[in-house]
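For reference, the structure is listed below as structure tokens.
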Amino acid sequence: MTVMKLLIKHVLQFHKSSVHVVIYLRRITLCCSILLAATASMAAPQGAINSKQSSYELMTAENKAMQDDPSLNPAMFWVAEGESLWQTKSGPKNIACTSCHGDAKKSMRGIATQLPKMINGKLQTLEGQINQCRSAQQGAPVLPYESKELLALTAYVAIQSKGMPIAVKETPANQGQLKKGQQWFQERMGQLNLSCAQCHEDRAGLKLGGSLIPQGHPNAYPIYRLEWQTLGSVQRRLRNCMSGVRAQQFEYGSPEMAQLELFLMWRARGMPLEAPGVRP
Amino acid sequence: MSKTSRSQVTVPATAKKNSIIEIRAIVQHDMESGFRYTESGKLIPRDIIRVFTCSYNEVEVFKADFYPGIGANPLIIFTTIATESGTLEFKWLGDDGYEAAHQARITVS
């Protein structure tokens, strides 16, 4: 009766703090296999990488020009559409955004830099809050994610905060959600078994298949992505990443998405909002 | 039925006579190449802009033919000579009766 022993040891080192994840695998023939998995202990919310860098810096001069010049940035079409939708009456009460919020340039200034945040006990993203207003205040149907209308309104609201620093802070109200978001960021997922942190924290600045790995800040969303040939939300981009590691993608508008978005915005705090951005 | 979309044109407001001016024209259009299939295997028909023209006081000074490879929301940057004050008319024509137009005035001294 031979006993085969297989020992595999993985050591993961997280940035700054020393968090070790150790997995032992041991197999005994003729008997049942025993799998032991040690638990990973999370450090207290750690700061972002030492110096925050927007992926704007990684773009070519032409793409930077496309983002900076409103006459070249295709996202401005969605902003124009959003401005028109802001005035459009909807729902049985026949009211528009402007009926309650007036001039968006005043009322929406700074809003995009504060979201996601806890509103009435629920963690809301910008898209989520727009739909919340539509259903609860206007009595109008919610706008589907990645629809032209929702993207237009998101772009219009976001641009009112252009240039302002991201102001998402850790508060007693969002603490639990922020912690969950950090876990999503640091836990491995998918068939490829990779975490966001492994690429965007540990390997930011290195290359993946010829492309420079960015730090992955959401400071320019919604973005006109040349790969998509259209405007898209941060949730669309996050789903792309999850698909990339062959993980079960979070659903649009799900609590998990909002938690991850909250953590990413907190991680990017202080960076100026570039919305609406252009990315390759 | 004619469909249209937003356009944005950048033309200098004033120019010296016979100087070269740069014009930028961008229009919103999703473009469908006609080579893509739905998940169930059905071909998505082509839906693109076919022609872009620029007329300067009713004289055509620039024309571009687009083919299925054209990207969405196309930006065209071209130059022309500022001959006289007047109106520049931009026109985009495409599949399914698509038509977009834009105007700009220029003062030439």
(request) Taking B:V9 as the residue in question, decide whether it is β-branched (V, I, T), surrounded by 12 or more Cβ atoms within 10 Å (Cβ to Cβ) and within 14 Å of chain A (Cβ to nearest Cβ). (result) yes
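Residue by residue, here is whether (1) among the β-branched types (V, I, T); (2) crowded, with 21+ Cβ neighbours inside 10 Å; (3) touching a Gly at 6+ places or on another chain (Cβ under 6 Å); (4) farther than 17 Å from A:K64 by Cα holds:
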{"site": "A:N219", "(1), (2), (3), (4)": "no, yes, no, no"}
{"site": "A:P222", "(1), (2), (3), (4)": "no, yes, no, no"}
{"site": "A:E227", "(1), (2), (3), (4)": "no, no, no, no"}
{"site": "A:S233", "(1), (2), (3), (4)": "no, yes, no, yes"}
{"site": "A:Q248", "(1), (2), (3), (4)": "no, no, no, yes"}
{"site": "A:M257", "(1), (2), (3), (4)": "no, yes, no, yes"}
(message) Anything in segment A:188-217 that is in contact with a Cys (Cβ under 9 Å, 6 or more places away or on another chain), free of Cβ contacts under 8 Å to residues at least 12 places away in the same chain and part of a loop (DSSP other than H, G, I, E, B)? List them, or say none.
(response) A:L206
(message) Return the residues of segment A:130-139 that are surrounded by fewer than 18 Cβ atoms within 10 Å (Cβ to Cβ) and on the phi < 0 side of the Ramachandran plot; say none if nothing qualifies.
(response) A:Q132, A:C133, A:S135, A:A136, A:Q137
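Residues of segment A:203-224 being closer than 23 Å to A:F185 by Cα and touching a Pro at 6+ places or on another chain (Cβ under 9 Å), which ones? Give the steps one after another, and end with the answer.
Keep residues of segment A:203-224 that are closer than 23 Å to A:F185 by Cα, which gives A:203-209, A:211-223.
Those that are closer than 23 Å to A:F185 by Cα and touching a Pro at 6+ places or on another chain (Cβ under 9 Å): A:A204, A:G205, A:S211, A:N219, A:A220, A:Y221, A:P222, A:I223.
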(request) Scan segment A:213-229 residue by residue and report those that are polar (S, T, N, Q) and more than 11 Å from chain B (Cβ to nearest Cβ). (result) A:Q215, A:N219
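Can you find a residue in segment A:147-159 that is in a loop (DSSP other than H, G, I, E, B), at pLDDT 95 or above and more than 14 Å from every other protein chain (Cβ to nearest Cβ)?
Among the residues of segment A:147-159, not one is in a loop (DSSP other than H, G, I, E, B), at pLDDT 95 or above and more than 14 Å from every other protein chain (Cβ to nearest Cβ), which makes the answer no.
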(request) Filter segment A:51-84 for residues that are more than 14 Å from every other protein chain (Cβ to nearest Cβ), within 20 Å of the chain's Cα centre (by Cα) and in a helix (DSSP H, G or I) and give the result. (result) A:S55, A:Y56, A:E57, A:L58
(message) Please go through (1) closer than 25 Å to B:I106 by Cβ; (2) of a type in the set (G, A, S); (3) surrounded by 17 or more Cβ atoms within 10 Å (Cβ to Cβ) for B:A72 and return the number of the only condition it doesn't satisfy.
(response) (1)
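The values are calculated or read from the model by the stated rules, or taken from the named source; none is laboratory data. Predicted model, so just to flag it, every value in this text is computed and none were measured. Virtual Cβ from ideal backbone geometry, glycine too; neighbours counted across all protein chains shown.
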